[in-house]
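First the structure, in the form of structure tokens, and then the observations on it.
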Amino acid sequence: MKNILIIGATGQIGSELTLKLRRIYGGDRVVAGYIVGCEPKGELLESGPAELADISNAQQLAEIIKKYKIDTIYNLAALLSAVAESKPMLAWRIGVDGLLNVLELAREHKCAVFTPSSIGAFGPSTPADKTPQDTIQRPQTIYGISKVADELLSDYYYKKYGVDTRSVRYPGLISNVTPPGGGTTDYAVDIYYSAVKSGTFECPLKAGTFMDMMYMPDALDAAVNIMEADPAKLKHRNAFNITAMSFDPEILAAEIRKHIPSFSIEYKLETMRQAIADSWPNSLDDSCAREEWGWNPRWNLENMTEDMLKVIEEKHKKGLI
Ligand code: AKB
């Protein structure tokens, strides 16, 4: 039975993953780690323990690990790509120095560790279409550089110290629960809210910008299933390519128009986000994840769009957004 600490439990992935893990392993066994200013509320607060867990404070993390006999850490602390570009030192301190704290504690207390990587771990010299699992990784953003460092450090701790580190390279994640903040792929979330609220969307990326994307329920399944996978079958560890769909703003807008025929999209480019998006792959090859631990996404552009619009329309009618 697992005793889990989630660092970053109130963030975009953490707020949903914490509840899912509590449903699977029991509320008391999943500690929601948060930082000051991002306290858990509602179901997240009521369904299990919560502790201040600042990734830069190794002593604080060590006390939680001992108190709850933690054997598995989901390390979700990170700045997303666009915001990391404006705060590179902080991005490194959280993303890389923070991970080193986690890995050292995991070595001492024999914990397994999941630290998500990203399509941002690739760069302009990576093959852009059907990007292979093992390929060139020369990203040109601080976010990508820190993700590559995280992948390498996680493999290093596995090979040198036997720490059970595992990870996936997430594409853009689309959810109707907790909004993302400061990512390059965030337009693919914002567009649904704008479609429902105003029927029009100002897109920061140009038509023809293809990137991999995934609906949050598949991303949560990936986080659970990779940590449950039979280690004997894992030839890779940090980190597996995974994807569910690849589209550009025009294809997404056309899909939304099937439900809201009057929906319109205008382009108002953000130079930095466009440059980041242009340096990322158009589509990943996720065959290693499929072969080694059975990765198999359930959501595609059609069923995701139907579900996103249904949930957001309900929230809109209730005046929640
Ligand atoms: C971002 O856009 O920064 C993230 C990611 C793909 O890692 N969503």
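The values are calculated or read from the model by the stated rules, or taken from the named source; none is laboratory data. Since we're looking at a predicted model, the values are computed, not measured. Using ideal geometry, Cβ is built from the backbone for each residue, glycine included, and neighbour counts are taken over all protein chains shown. Each accessible area value is taken on the protein alone, full model and side chains, heavy atoms only, with ligands, DNA and RNA left out. Shrake-Rupley method; radii C 1.70, N 1.55, O 1.52, S 1.80 Å.
Please get the size of the charge dipole for segment 27-116, origin at its Cα centre, with Cβ charges of +1 on Lys and Arg and -1 on Asp and Glu, quoted in debye to the nearest 20. Kindly include the intermediate steps, with their values, before the conclusion.
Numbers: 9 positive and 12 negative charges, 39 e Å.
The dipole magnitude comes to about 180 debye.
Just to verify a number: FRET efficiency for Ile24 and Glu104, C-beta to C-beta distance, R0 = 41 Å, to 0.05?
Result of the calculation: an efficiency of 0.90.
When the Karplus curve 6.51 cos²θ - 1.76 cosθ + 1.60 is applied with θ = phi - 60°, which whole-Hz ³J(HN,Hα) does each residue of segment 141-151 get, with x for Gly and Pro?
Running phi through 6.51 cos²θ - 1.76 cosθ + 1.60 with θ = phi - 60° gives 10, 5, 4, x, 4, 5, 5, 5, 4, 5, 4 Hz.
May I ask you to give the percent of accessible area on the chain that is carbon plus sulfur, with a probe radius of 1.4 Å?
52 percent
Pull up the cross-link candidates among the lysines for Lys69, meaning alpha carbon to alpha carbon under 18 Å and not fewer than 8 places away within one chain.
Lys2, Lys110
Which three numbers, in whole Å and largest first, are the semi-axes of the equivalent ellipsoid of segment 263-309 derived from its Cα gyration tensor as √(5λ)? Walk me through the numbers before you get to the answer.
Numbers: eigenvalues 159, 83, 8 Å².
Values for segment 263-309, descending: 28, 20, 6 Å.
Round to a whole angstrom and tell me the spacing of the C-alpha centers of segment 13-36 and segment 211-258.
Centre-to-centre distance over Cα atoms comes out at 20 Å.
Convex hull over the alpha-carbon atoms of segment 1-139: what's its volume per residue in Å³? All intermediate terms of the calculation are to be shown ahead of the outcome.
Details: hull volume 18.6 nm³, N = 139.
Output value, Cα hull per residue: 134 Å³.
Enter the angle in degrees (range 0 to 90, nearest 10) between the Cα long axis of helix 58-67 and the first principal axis of the Cα atoms of the chain, meaning the one along which they spread out most.
On a 0 to 90 degree scale, this one is about 70.
Over segment 1-147, with the other protein chains present, what is the accessible area per residue in square angstrom, probe 1.4 angstrom?
Here the per-residue accessible area is 44 Å².
What ranking, highest mean first, results for peptides 231-239, 266-274, 284-292 when packing means the other Cβ atoms within 10 Å averaged over each residue?
Most protected by this proxy first, the peptides run 284-292, 231-239, 266-274.
Of Val113, Ala84, Leu284, which is farthest along the charge dipole of the chain in the positive direction, counting Lys and Arg as +1 and Asp and Glu as -1 at C-beta?
Farthest towards the positive end: Val113.
Identify all lysines with a Cα-Cα distance to Lys315 below 30 Å; exclude those on the same chain that are fewer than 8 residues away in sequence.
Result set, ordered by chain and number: Lys20, Lys41, Lys197, Lys206, Lys258, Lys268.
Given Cβ point charges of +1 (Lys, Arg) and -1 (Asp, Glu) and nothing else, what value in debye, to the nearest 20, does the dipole of the chain about its Cα centre take?
520 debye
Tell me the net charge near Ser167. Cut-off is 10 Å between Cβ atoms, Ser167 excluded, with +1 for each Lys or Arg and -1 for each Asp or Glu.
+1
Quick one: net charge of Ala223's neighbours, Cβ under 12 Å, K/R +1, D/E -1?
That sum, taken over residues with Cβ under 12 Å, equals -2.
Using alpha carbon coordinates only, what is the Rg to Rh ratio of the chain, with Rh defined as the Kirkwood radius?
Using Cα coordinates only, the ratio equals 0.95.
Run the dipole for segment 191-313 about the Cα centre, Lys and Arg Cβ at +1, Asp and Glu Cβ at -1, nothing else charged, and hand back the magnitude in debye, nearest 20.
The calculated dipole for segment 191-313 is roughly 160 debye.
Can you tell me what the convex hull of the Cα atoms of segment 94-196 projects to on average, as an area in nm²?
Its Cα hull, projected and averaged over all orientations, spans 8.0 nm².
Which ³J(HN,Hα) values, rounded to whole Hz and listed in residue order, are derived for segment 280-291 from phi using the Karplus coefficients 6.51, -1.76 and 1.60 in 6.51 cos²θ - 1.76 cosθ + 1.60 with θ = phi - 60°, glycine and proline given as x?
Result, ordered by residue: 9, x, 7, 7, 9, 8, 9, 5, 5, 5, 5, 6 Hz.
How large is Rg over Rh for segment 203-321, taking Rg from the Cα atoms and Rh as the Kirkwood inverse mean of 1/r across Cα pairs? Don't skip to the answer; put the middle values down first.
Details: Rg = 17.1 Å, Rh = 16.5 Å.
Computed over Cα atoms, the ratio is 1.04.
Using only DSSP helix segments of four residues or longer, with each worth -39500 (n - 2.57), what per-residue ellipticity at 222 nm results for the chain after dividing by its residue count and rounding to 500?
After summing the helix terms and dividing by residue count, I get -12500 deg cm²/dmol.
Mind pulling the angle between the C-alpha long axis of helix 98-109 and the longest principal axis of the chain? Nearest 10 degrees, somewhere in 0 to 90.
Once rounded, one gets 40 degrees.
Between Phe122, Phe114, Phe201, which gets the highest mean-square fluctuation from a Gaussian network model of the chain, Cα cutoff 10 Å?
Phe201
Dipole of the chain (Lys/Arg Cβ +1, Asp/Glu Cβ -1, origin at the Cα centre): which of Gly98, Asn300, Tyr68 lies farthest to the positive side?
Checked the options; the winner is Tyr68.
Lys and Arg at +1, Asp and Glu at -1: add these up for the other residues within a Cβ distance under 12 Å of Thr271 and post the number.
Charge balance near Thr271 sits at 0.
Just report the Cα centroid separation between segment 270-304 and segment 143-181, whole Å.
Spelled out, the Cα-based centre of one part sits 15 Å from the other.
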